[in-house]
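The values are calculated or read from the model by the stated rules, or taken from the named source; none is laboratory data. Worth saying up front: this structure is predicted, and the values here are computed from it rather than measured. When we count neighbours, we look across all protein chains shown, and the Cβ atoms used for this are built from the backbone with ideal geometry, even at glycine. Heavy atoms of the whole protein, side chains included, go into the accessibility calculation; ligands, DNA and RNA do not. Shrake-Rupley method; radii C 1.70, N 1.55, O 1.52, S 1.80 Å.
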Amino acid sequence: MTTALSTSIRSALDACGVDLSLLDSAQDLQTRTPITGEKLFGLPATDADGIDETISRAEAAFRTWRDVPAPERGHVVRRWGELLREHKRDLAVLVQSDAGKTMSEAEGEVQEMIDICELAIGQSRMLYGQTMPSERPGHRLMETWHPLGVVGVISAFNFPVAVFSWNTALALVCGNTVVWKPSELSLLSALGAHALLARAVADCGQDADIHHIILGEREAGEALVDDPRVALISATGSTRMGHEVAPRVAARFGRYLLELGGNNAAIVAPSADLDLALRGVVFAAAGTAGQRCTTMRRLIIHESIAEEFTEKLIAAYRTLQIGDPRDEGVLVGPLIHSGAYEGMRSALTSAQEEGGTVLCGGARVLEDEHPDAYYVEPAIVRMPGQSATVKTETFAPILYVLTYRDFDEALALHNDVPQGLSSAIFTSDQAEAEIFLSSRGSDCGIANVNIGTSGAEIGGAFGGEKETGGGRESGSDAWKAYMRRATNTVNYSGELPLAQGVKFL
Ligand code: UN1
């Protein structure tokens, strides 16, 4: 098919170095854009033998890659970062087509890739182990870090390339090889990101087998999950998916790193700068059409300011331009597919059955223009209190508003959900902010003050607790998840004293 969109996608794929003969070479997998709902290209799926062969190649490549000095491994990531800078727009065009993001957000996603490359390059010289004092004379006690082997990355449609790059940039500098199974909903940006990495590997004269992509649906992911040659599975997706992945990997004593659902809330206290809070809430709740793991889904607001703030929020929502994310001024693009729209409708119905009132939004728009695309007005729903629907993550722009009287009640409501990814408080009261960040405050992996729940920087560890899965990716010491630790005791004393003063022989 040749539409303006498919032409621009072809040229972006070409610029990234994707082999265009792949497109329409088979029809196993069908790419589609949520922007118009149109079908784009057919792609070949990797069959079971192909996946087996891929893992074998990645495993063989690991045996030499692990011996390449880490700073030299960093050169591949440096080159990848350069290519990502050069092709930021091309890759963003593919992200936009796959996920329906605005260009600013699509470019922001590629920027996250560039940022993690920079972090990983530095990290390649900082895979530190500690040295501890030994209790025995003439002994050295220390730890060293070693790569795991093949890392399997399973990524989701909503950040189709950034989350993959967080894993891959670190996994590679740590000395692992990577097999990536992108979401079947976002294959074009995946091909672009992979092609740029393949070029970086070639430019640095390294083995092409250190990184692979496999295309497929659920079975392809399962093949990675169940393969004992895959040392670590890093999976991003729903909690339901995590429930399946974790026990299967654990059953073979593999490692897993999970980044699953969030149900992120902001507490807005009476002392908050309400203009700032308003902007923070609107971006986090309605931005990216509610399709970030970090999207704000719950607003817990002091009853004294609830009405005034909610009115302002509704007014702000009414100004949001919804539509084709390629159009100037549009801030809210489409939902990924009809299933996401149905999920939103059913959550709104359940919320109403539980006493909720839809204050604005929820309607499907632009249906005549795009019958196969799903544009919705972001919704705000006032809830009388905690409910089953509020505790459930719906991957769509619905913000539930709950009120509180005292701060302890706000904290209790905040933590009373099964998920634990991101959280925020808007307040000018220092004690409240500190308590929110303390061990009796937010129970999430990310807790912010006077900033929304989404849009985390690359430098911090990203991930969450409870049903979010407990994994940490990107910055801080997240690199440790891609390595194994060895504790080493070196005896240079010429004697053989035993630890704990034990005598033997
Ligand atoms: C995701 O939604 O899976 O913090 C990742 C953010 C982005 C990453 C989101 N930096 O919103």
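Looking only at segment 464-491, count how many residues are part of a strand (DSSP E or B) and either within 15 Å of the ligand (Cβ to nearest atom) or touching a residue at least 60 places away in the same chain (Cβ under 8 Å) (or both).
Total meeting the criteria: 11.
Considering only residues that are in contact with a helix residue (DSSP H, G or I) (Cβ under 8 Å, 6 or more places away or on another chain) and of a type in the set (Gly, Ala, Ser), look in segment 366-393 and name the one that is surrounded by the most Cβ atoms within 10 Å (Cβ to Cβ). Spell out the reasoning first.
Taking segment 366-393 as the starting set, the residues that turn out to be in contact with a helix residue (DSSP H, G or I) (Cβ under 8 Å, 6 or more places away or on another chain) are 374, 376-383, 386-390, 392-393.
Those still in the list that are of a type in the set (Gly, Ala, Ser) too: 379, 387-388.
Details: ALA379: 24, SER387: 17, ALA388: 10.
Per the criteria, the residue is ALA379.
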Original post:
Hey, any hits in segment 55-66 for a residue that's of a type in the set (S, T, N, Q) and at pLDDT 95 or above?
Top reply: yes
**OP:** Could you give me the residue pairs with C-beta distances under 6 Å whose first residue belongs to segment 408-432 and is more than 9 Å from CYS444 (Cβ to Cβ), whose second residue is in a loop (DSSP other than H, G, I, E, B) and of a type in the set (Lys, Arg) wherever it lies, and which are 6+ apart or on separate chains?
**Re:** VAL417/LYS391
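LEU498: open to solvent by 80 Å² or more (accessible area, probe 1.4 Å) and either at pLDDT 95 or above or over 22 Å from the mean Cα position of the chain (by Cα) (or both), yes or no? I'd like the intermediate steps shown before the answer.
On the way: open to solvent by 80 Å² or more (accessible area, probe 1.4 Å): no; either at pLDDT 95 or above or over 22 Å from the mean Cα position of the chain (by Cα) (or both): yes.
When the stated conditions are applied, LEU498 does not pass them.
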**OP:** Being among the basic types (Lys, Arg) and in a loop (DSSP other than H, G, I, E, B) is the filter here, so list the residues in segment 170-213 that pass it.
**Re:** none
Original post:
Restricting attention to segment 271-282, does a residue exist that is within 16 Å of the ligand (Cβ to nearest atom), closer than 21 Å to ALA92 by Cβ and either open to solvent by less than 10 Å² (accessible area, probe 1.4 Å) or not polar (S, T, N, Q) (or both)?
Top reply: no
**OP:** Identify all residues within segment 329-377 that are without any contact (Cβ under 8 Å) to a residue 40 or more places away in the chain, more than 27 Å from the chain's Cα centre (by Cα) and assigned to a loop (DSSP other than H, G, I, E, B); write none if there are none.
**Re:** GLU354, GLY355, ALA363, GLU367, ASP368, GLU369
Subject >> The listed residue being surrounded by fewer than 20 Cβ atoms within 10 Å (Cβ to Cβ) and within 16 Å of the ligand (Cβ to nearest atom), out of ALA431, ALA396, ALA461 >> reply: ALA461
Subject >> Unique residue being at pLDDT 95 or above and touching a Cys at 6+ places or on another chain (Cβ under 8 Å) when the list is ALA48, ALA70 >> reply: ALA70
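Are any residues in segment 131-153 assigned to a loop (DSSP other than H, G, I, E, B) and either hydrophobic (A, V, I, L, M, F, W, C) or outside the structural domain of ASN167 (by TED's automatic domain parsing) (or both), and if so, which ones? Break it down into steps so the answer makes sense when it comes.
Taking segment 131-153 and keeping what is assigned to a loop (DSSP other than H, G, I, E, B), we get 133-138, 148-149.
Passing the criteria: only LEU148.
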Subject >> Subset of segment 403-428 [away from the ligand (no atom under 16 Å from the Cβ) and among the small types (Gly, Ala, Ser)] >> reply: ALA410, ALA412, SER428
Original post:
Where in segment 1-87 are there helices (runs of 4 or more DSSP H), lying wholly inside it, with at least 1 residues that are of a type outside the set (S, T, N, Q), open to solvent by less than 30 Å² (accessible area, probe 1.4 Å) and more than 30 Å from HIS370 (Cβ to Cβ)?
Top reply: 48-65, 70-86
Original post:
Within segment 288-305, how many residues turn out to be assigned to a helix (DSSP H, G or I) and either open to solvent by 10 Å² or more (accessible area, probe 1.4 Å) or aromatic (Phe, Trp, Tyr) (or both)?
Top reply: 4
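This table checks each residue for (1) closer than 30 Å to THR487 by Cα; (2) modelled with pLDDT under 95; (3) open to solvent by less than 10 Å² (accessible area, probe 1.4 Å).
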{"position": "ALA106", "(1), (2), (3)": "no, no, yes"}
{"position": "ILE121", "(1), (2), (3)": "yes, no, no"}
{"position": "PRO137", "(1), (2), (3)": "yes, no, no"}
{"position": "GLU143", "(1), (2), (3)": "yes, no, no"}
{"position": "PHE157", "(1), (2), (3)": "no, no, no"}
Subject >> In segment 428-453, residue farthest from HIS414 (Cα to Cα) [restricted to those that are in contact with a strand residue (DSSP E or B) (Cβ under 7 Å, 6 or more places away or on another chain) and hydroxyl-bearing (Ser, Thr, Tyr)] >> reply: THR453
